[in-house]
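Data block below; observations after.
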């Protein structure tokens, strides 16, 4: 079904003020047959010295360090909570309109940060997916070592369909160091190796090569056990990077992945005293990274990028999507029978703010029935499908059409109301470990999709604010450019040239804002959903999406 296009004008929102990121215009959609409308709004972006000139790759820095604060929202960057990060921002660039890749999950965005590729291109579209080649009946964790190893064996080394920054740099003779308090760090540099000279990857206490673990644990002790917060693991991992991994010299590229504030926000919700304390701890780890560079005399020749993988919301209500579908007469469950899926079976894989649904045999009639059932539920936000279904978008519209993608993707409904912690952004969640008041992400809420990003160093402008859309998919191509490497595989993202000190006299790249809308009219109601995104030079950034079911009497129906 070809979408019908129309052009309207609507007020742009200020991304730095999450309270203003509200659900707009949905009741202005006209009822009728199912349709998708692509709305374009050309905006003038006043960001000086931005240039679309193709510049030769190579910054002046000899080192690049990327520090990931898992789950950090931009509105929690304050002088009181993050003094080190705020000081770094004064010396560099604050990306005020930064985006996570959708779904706004850790493994998805860990891969996006590593490859610069959309999830549909990299192959990782969720933290938990159904991969029948690995397990014919149950979901798998996409960052698990056994899954990664089997995936590479099955695909001939292409578990990820796109190369990572670490892989590309090492192919150009550069050393790298990856240190992550979480398993997602494995995805950045997963190849088995026997020599540390090929680069070390420390992920959740394990190492590649395995022999490197003895050196690290000999100095720091064992990787801390799981606790109420992740601060101990973050401290241990940071010490491993600035200690043994940097002892002889600092590699051309280093990545430090902190588990906070994600860990604390899941347990206690964003904005809680525990979560704010975890943010302060992340800031202290950043201060120690910068101090280590100062001590080695490398601060002035190192570009530092601090970024989060996604934002965060507070759970308003939990929902069991599988149970809801079962109550409506579908044969839905959390796994397929061990003997194999049968016709009519639906596997529901919850990922918090987004749910993946796999229909046995890809029965299109059944898929449409499931979609139209979900459209009647209050927890439904935005629906995507492999094949066209009325009132839903296609998987490709969100760039999540990987070869192993499900038949249906459901982004949960959200609202901009404040939590009991005073943090705006509430969301439905399909994940039983955390209840109302706890934190969650993964949805198309702007509180999940907009994340923090600040960069400073010899190649970044000083004291600047970049209001152009940017995203996690831009970090990899920017890092490669800074280190003078042109990748053979063109990434999905772009080099963030407008933030660099390289001279240019061309006008800023044009920013185009789009709005997709879809509707489905049933006997007594009409489903409406929307997806808003921004585009620069062909690179898409997803701003937000949501949906609502409008009773016929509320829309003037007969």
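Quick note: the coordinates plus some simple rules give every number you see, no bench work behind them. In this text the structure is predicted, and so the values were computed from the model without any measurement. Every residue, glycine as well, gets a Cβ built from its backbone with ideal geometry; the counts of neighbours run over all protein chains shown.
A straight line joining the Cα centroids of segment 412-478 and segment 490-554 runs 16 Å. Axis angle, to the nearest 10 degrees, between helix 231-242 and the longest C-alpha principal axis of the chain: 40 degrees. Between 0 and 90 degrees, the angle of helix 106-115 with respect to the longest Cα principal axis of the chain falls at about 60 degrees. Can you give me the Cα centroid spacing of segment 339-366 and segment 286-323 in angstrom? About 34 Å separates the Cα centre of segment 339-366 from the one of segment 286-323.
Ranked highest first by the average count of other Cβ atoms within 10 Å around their residues, in what order do 259-265, 181-187, 237-243, 202-208 fall? Intermediate values should be presented prior to the final figure.
Numbers: 259-265: 28.9, 181-187: 25.6, 237-243: 22.9, 202-208: 21.3.
So the peptides 259-265, 181-187, 237-243, 202-208, ranked by packing, come out 259-265, 181-187, 237-243, 202-208.
Angle of helix 273-295 to the longest C-alpha principal axis of the chain, folded into 0 to 90 degrees and rounded to 10: 30°.
Beta-bridge orientation, the chain: approximately 65 percent antiparallel, per DSSP, counting only bridges with both partners inside.
Distance between the C-alpha centres of segment 55-95 and segment 201-215: 27 Å, rounded to the whole angstrom. For the pair residue 214 and residue 191, label points projected 7 Å from Cα toward Cβ lie 2.4 nm apart.
Model label points for residue 146 and residue 249, set 7 angstrom from Cα along the Cα-to-Cβ axis, are 4.1 nm apart.
If each residue of separation counts as 0.36 nm, what is the full-extension length gain between residue 323 and residue 284 once their alpha-carbon separation is subtracted? Before the final figure, lay out the partial values.
Details: separation 39, 0.36 × 39 = 14.04 nm, distance 4.39 nm.
That pair, residue 323 and residue 284, stretches by 9.6 nm at full extension.
Identify which of the listed values of volume of the Cα convex hull per residue in Å³ was calculated from the structure shown: (i) 343; (ii) 142; (iii) 179. Entry (ii).
Once Rg and the Kirkwood radius are both taken over the C-alpha atoms of segment 442-558, their ratio Rg/Rh works out to 1.15. Among beta bridges from DSSP that stay inside segment 315-429, the antiparallel ones total about 70%.
Send over the per residue convex hull volume for segment 315-429, Cα only, as a whole number of Å³.
Working: hull volume 12.9 nm³, N = 115.
Per-residue hull volume (Cα only) is 112 Å³.
Sorted on the mean count of surrounding Cβ atoms within 10 Å across their residues, most packed first, peptides 131-140, 169-178, 441-450 read 441-450, 169-178, 131-140.
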